[in-house]
Amino acid sequence: MKKNFLIGIILLFAVWWVVATVHVLDAFFLPGPIEVLIDLAQMLWTGTLNADIYATMVRLGLAFGIALIAGIPLGILLGASTKIYESVEFIIDFFRSLPATAIFPLFLLVFGIDDSSKIAVAAFGAALVIIFNTAHGVMNTKPSRIIAAKLMGAKKLQIFKSIVFWESLPQTFIGIRTSISLALVIIIVTEMFIGTYAGLGRRIIDFQYIYNVKGMFGIILLTGGIGYALNLILAKIEDKVVHWKGK
Amino acid sequence: MTSGKEIVVKGLAKSFDENEVISNISFEAEKGDIVAIFGPNGSGKSTLLNILSGIAEKTKGKVEIADFNPNKFSYIFQNYRESLLPWRNNYENIAFPLRLGKTEEEEVRRKIVEMERIFSFKANLGLYPYELSGGQQQILAFMRALITEPEILFIDEPFSALDYGNNLLLRNQLQKYHSKYKPTILAITHDIEEAVHIANKIIVLSNKPTRVVEIIENEAPYPRGTEFLNSQKFAATKKKVLEAFQRGAMQ
């Protein structure tokens, strides 16, 4: 953990606390951080949110898993051939530039209103980011190690397995870390649509409807915390796997 | 050191676009020769080695390497940092060429132990290359190149990453290896002392467009210890090389 890590957290809560205390906004619409945290702790303690956390995490896990399983091999495949990549580059960049949630209605039509449409659209958005980064990692492999391996008599597949794959890993990890944040965003947003009975996104919208502003802020905080923690875990895994990065 | 011509280069030329960088280079190396390619910076020495190894295309001329066997050829690049594999530990870096040929583990281990002994390599093989000093990484690159017992070895600036003490040490170790396995070595250097110390043949190159100014035979017996650097033979050869170098630099 970085040395100045706590400063950001303190700053966030301090600004929030000041704004809430001087009543810039109506206290009803912006409760103070302490009230919100106490309320969140109570919800967590009593297990009110268990079903929602579980539902969101399962959707996220599945979407992220599918994105990894589909995205990495596809990215490698596309990156290995500049010709193939160039021919599909437009499709990848087009959909990458489009908010995945905007095409959620299309996924609803294809997958129906149950969980599968949410998982599919999040997996789609996340996979695009992984494909893009993995492909670029593979394409930007430095020629020096490949030349050295070729001179040692390495065959194409050996060069791929022992050089190209590893050289592309740092860039692949950038894609993986971006994709989990994106998948969480998409899952939360799609949970706000119809057909969801449990999920943190659903709960945020519900609390908004019934003016439980404290509860709404609590879940927003929780969601941010989950996203942050997942990123932190992936960063740790990255440090272990791509141990040579920056050295 | 004569048992037949190993490398024959005739009228080799290389142009980039219309620009001639190498013009009409010819030389021969016998089996077991240590040939130093000595010339000013930017004289296309690396390009020459890249052409001979097939990495770069030649524009004109002929390169013949007798009974060339790609599995018995090694090339140590100047930029060892970019040729070692940082995701493999030191042991696996040295073993890499053998792994490509699916050599048995016992054989790999035996050869690595031998390499460690020849190069007096004391660093932990379980560590990664980036955890070693520049000099140790350079030696790692040497061990990786020599573990296949190459018949032909190309080295680009072999001692560039080393301080003077380690530079002398590696020169001795390279001679030790050479006396046992007798590979034909082509070594690029811009250091006149290195060239005269280890090579039995010194090819002096000119400024661009590069040509051979003179090929100087350096017949002192091996092993050449540090005392050789104080000998009259060394001084005389160095003088010859320097004169040729100056002629080439003035063209």
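The Stokes-Einstein estimate for region B:1-128, based on a Kirkwood radius over Cα pairs and taken at 4 °C with 1.567 mPa s viscosity, is a diffusion coefficient of 74 µm²/s. Rg and Dmax of chain B, both derived from C-alpha coordinates alone, stand at 18.0, 55 Å. Selection among B:Pro221, B:Asn200, B:Ser83 by position relative to the dipole of the protein assembly as shown gives B:Pro221 as farthest towards the positive end (Cβ unit charges, Cα centre). Rounding to the nearest 10 and keeping the result within 0 to 90°, find how far the Cα-based axis of helix A:5-21 lies from the longest principal axis of chain A. That works out to roughly 30 degrees. Checking the Cα-Cα distances for B:Lys45/B:Lys182; B:Lys10/B:Lys176; B:Lys201/B:Lys238; B:Lys5/B:Lys176; A:Lys150/B:Lys72; B:Lys14/B:Lys182 against a 21 Å cut-off, the pairs over it are B:Lys45/B:Lys182; B:Lys10/B:Lys176; B:Lys5/B:Lys176; B:Lys14/B:Lys182. Contact order, relative form, for region A:172-236: 32 percent (alpha carbon pairs under 8 Å, 6 or more residues apart, mean separation divided by residue count). Remark: the protein assembly as shown carries 49 Å² of accessible area per residue (probe radius 1.4 Å; ligands, DNA and RNA excluded). Shown here: region A:15-71, whose C-alpha atoms stretch 51, 29, 14 Å along the first, second and third principal axes, sorted largest to smallest.
Take every Cα pair under 8 Å whose residues are at least 6 apart in sequence, average their separation, divide by the length of chain B, and the relative contact order is 26 percent. The label-point distance for A:Phe28 and A:Ile146, in a model that sets each label 7 Å from Cα toward Cβ, rounds to 6.5 nm. Of the residues A:Ala80, A:Val129, A:Ala154, the one whose Cα sits farthest toward the positive end of the charge dipole of region A:46-241, with +1 on the Cβ of Lys and Arg and -1 on the Cβ of Asp and Glu, is A:Ala154.
How many angstrom lie between the C-alpha centres of region B:5-40 and region B:175-216? Here the answer is 12 Å between Cα centres. Quick one: helix A:82-97 against the long Cα principal axis of chain A, what's the angle to the nearest 10°, folded into 0 to 90? With both axes taken from Cα atoms, the answer is about 10 degrees.
Buried accessible surface for the A/B pair, both sides summed and rounded to the nearest 100, is 1800 Å² with a 1.4 Å probe.
Kirkwood radius for region B:79-149, taken over all pairs of different Cα atoms as the inverse mean of 1/r, rounds to 11.9 Å. For region A:1-121, the Kirkwood radius over C-alpha pairs fed into Stokes-Einstein at 10 °C and 1.306 mPa s yields D = 83 µm² per second. For the protein assembly as shown, a simple Cβ point-charge model (Lys and Arg +1, Asp and Glu -1, everything else neutral) yields a dipole of about 920 debye relative to the Cα centre.
Solvent-accessible area of A:Trp166, all protein chains in place: 70 Å² (probe radius 1.4 Å, heavy atoms, ligands and nucleic acids excluded). Rounded to the nearest 20, the size of the Cβ-charge dipole of region B:79-149 about its Cα centre is 100 debye, with Lys and Arg at +1 and Asp and Glu at -1. The C-alpha atoms of region A:46-241 occupy a region whose extents along the principal axes are 69, 36, 21 Å, arranged from largest to smallest.
Each Lys and Arg adds +1 at its Cβ and each Asp and Glu adds -1 at its Cβ; summed about the Cα centre, chain B shows a dipole of about 260 debye.
Placing B:Asp17, A:Asp206 in order of accessible area, with the largest value first and a 1.4 Å probe, yields B:Asp17, A:Asp206. Among residues other than A:Leu128 with Cβ under 10 Å from its Cβ, the summed charge is 0 (Lys and Arg +1, Asp and Glu -1). Both numbers refer to the Cα atoms of the protein assembly as shown; Rg and Dmax are 31.9, 99 Å.
Return a whole-number percent for the relative contact order of chain A, with Cα pairs under 8 Å and 6 or more residues apart as the contact set. The value is 24 percent. Could you tally the net charge around B:Glu82, taking each other residue with its Cβ under 11 Å from the Cβ of B:Glu82, Lys/Arg +1 and Asp/Glu -1? Summing Lys and Arg as +1 and Asp and Glu as -1 gives +2.
Of all DSSP beta bridges confined to the protein assembly as shown, the antiparallel ones make up roughly 50%.
Farthest toward the positive end of the dipole of region A:46-241, out of A:Phe173, A:Ile53, A:Gly215, is the Cα of A:Phe173, where the dipole comes from beta carbon charges about the Cα centre.
The values are calculated or read from the model by the stated rules, or taken from the named source; none is laboratory data. Values in this document were obtained by computation on a predicted structure and should not be read as measured data. Glycine gets a Cβ as well: all are built from the backbone with ideal geometry, and neighbour counts include every protein chain shown. These accessible areas exclude ligands, DNA and RNA; they are computed on the full protein's heavy atoms, side chains included. Shrake-Rupley method; radii C 1.70, N 1.55, O 1.52, S 1.80 Å.
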